[in-house]
1. Helices (runs of 4 or more DSSP H) wholly in region 1-110 with at least 3 residues that are over 21 Å from K155 (Cα atoms) and at pLDDT below 90 - which ones?
2. Could you count how many residues in region 111-139 are surrounded by fewer than 22 Cβ atoms within 10 Å (Cβ to Cβ), of a type outside the set (S, T, N, Q) and assigned to a loop (DSSP other than H, G, I, E, B)?
3. Checking the condition hydrophobic (A, V, I, L, M, F, W, C), out of contact with any Gly (no Cβ under 6 Å at 6 or more places or on another chain) and touching a residue at least 24 places away in the same chain (Cβ under 8 Å), which residue from L211, L245, L238 passes?
4. Among the listed residues V278, V250, which satisfies the condition of being at pLDDT below 75, among the hydrophobic types (A, V, I, L, M, F, W, C) and in contact with a strand residue (DSSP E or B) (Cβ under 7 Å, 6 or more places away or on another chain)?
5. Counting only residues that are among the polar types (S, T, N, Q) and open to solvent by 10 Å² or more (accessible area, probe 1.4 Å), which one in region 1-57 is farthest from N296 (Cα to Cα)?
6. How many of the residues making up region 147-171 are surrounded by fewer than 22 Cβ atoms within 10 Å (Cβ to Cβ) and in a helix (DSSP H, G or I)?
7. Those residues that are of a type in the set (S, T, Y) and either in a helix (DSSP H, G or I) or open to solvent by less than 10 Å² (accessible area, probe 1.4 Å) (or both), I need them from region 173-201; list them, please.
8. Considering only residues of region 204-219 that are hydrophobic (A, V, I, L, M, F, W, C) and in contact with a Phe, Trp or Tyr (Cβ under 8 Å, 6 or more places away or on another chain), which is surrounded by the most Cβ atoms within 10 Å (Cβ to Cβ)?
Amino acid sequence: MTALAVIDVCGYVLPAAELLYERAVGPLRGHWPELGDRLALTLPTPGIGDWNSCYTRFVSNADIGLAADGSPATPSPLPMPVAQRRDFLEARILHDNARGRLRALEALGIDMQVLHPASGLDTLTDLGTAAGALLFNAYNSYVTGYCEKGLKQLKAVLQLHPLATEWAGSELGWWGAHPAVAGVTVHLPASVPADSAELAEVCETVAKAGLTLFHRAGSSAASWTPPAFLSFLRSQKLPDRYPDLTVALVGWPEEKLAEWAPDLWQWPTGTGRVLAAVGSPHSLPGRENAALWASNFPFDAPDLAERIEAIRKTGFGTAGAERILANRMPASSAVSPPVSVAFSA
């Protein structure tokens, strides 16, 4: 019998600003002195693989007071409450200890993990188009380099600025074919209007590249809910012009996805689809040897290892085997129809 493969589509990294500086190209380093007013000293959070001493992070406009000279170090906002500290996690797996993450994934029984940026990257669109795009470029360089420590186990989601149209094309030309890349997130702040020509051009660039669009809760303003984003894509006729286009919804509450369901899955017939990556493990039709879900590692519930062990021992059980998935990504039977997803594991 083939061993069960466990694929997690939502793990997090949290690179310190120091690591982005290391990856910065020349023009960004020229911006760095002015960006210093946006860097806050940050306390490490114990038990989640954070840095082992204070480090710096970018802050949003609302928190800019935390970056004032002489401000004390403050905790970093995290994507969700940390349910329980995990002292077995090595320091810096959220930052630059990829091999430590690989050891943690092996211990938990996770065979592959797709990486997203935690808080800190989502503020970069506040910094203006040029500086924001250059910082996203530094992150894309950082996360693909991180994944190179284990290309079979680690996959990256690239981050794009919604207004940097020419840069988006060159960014995907440079990174899009990297073996670590699983897809792209286009950041959607409130300042981007619903009829933005620049956003339409950036999304079309992603569609042309044949990459999955990851619409993640932390990268979107309240106005850019999944129904609003998908309505925007339909208004630009992108699903019709690019029938393989797939959108993966990551980090959205399952109950909200159920509420939005009538507006989410109105998608043209084709190989591309909209899917929701949620916290419940599911299996693949015709592939009893694969389990997939979104864990939010290392900010997950404390029973993750036990859940994975139970799935490996018992499979999905008689009731849990609703075969609603195709290819490589998870969807919730409560809110989503069967899907076909363009994602290569």
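The values are calculated or read from the model by the stated rules, or taken from the named source; none is laboratory data. These figures come from a predicted structure and were not determined experimentally. So basically every Cβ, Gly included, is an ideal-geometry build from the backbone, and we count neighbours across all protein chains shown. Just the protein is used for accessible areas: all its heavy atoms, side chains included, with ligands, DNA and RNA removed. Shrake-Rupley method; radii C 1.70, N 1.55, O 1.52, S 1.80 Å.
1. Details: elements: 17-23, 26-35, 98-108.
Correct list: 26-35.
2. 2
3. On the way: L211 fails: out of contact with any Gly (no Cβ under 6 Å at 6 or more places or on another chain); L245 fails: out of contact with any Gly (no Cβ under 6 Å at 6 or more places or on another chain).
Just a single option satisfies the conditions, and that option is L238.
4. Details: V250 fails: at pLDDT below 75.
Only one candidate qualifies: V278.
5. Here is the first cut: in region 1-57, the ones among the polar types (S, T, N, Q) are 2, 42, 45, 52-53, 56.
If we keep only those that are open to solvent by 10 Å² or more (accessible area, probe 1.4 Å) too, we end up with 2, 45, 52-53, 56.
Numbers: T2: 27, T45: 16, N52: 21, S53: 23, T56: 22 Å.
My answer is T2.
6. 5
7. Going through region 173-201, the residues of a type in the set (S, T, Y) turn out to be 185, 191, 196.
Of everything in region 173-201, those that are of a type in the set (S, T, Y) and either in a helix (DSSP H, G or I) or open to solvent by less than 10 Å² (accessible area, probe 1.4 Å) (or both) turn out to be T185, S196.
8. Within region 204-219, the subset hydrophobic (A, V, I, L, M, F, W, C) is 206-207, 209, 211, 213-214, 217.
Now drop any that are not in contact with a Phe, Trp or Tyr (Cβ under 8 Å, 6 or more places away or on another chain), which leaves 207, 217.
Values: A207: 22, A217: 17.
Across region 204-219, the extreme among qualifying residues is A207.
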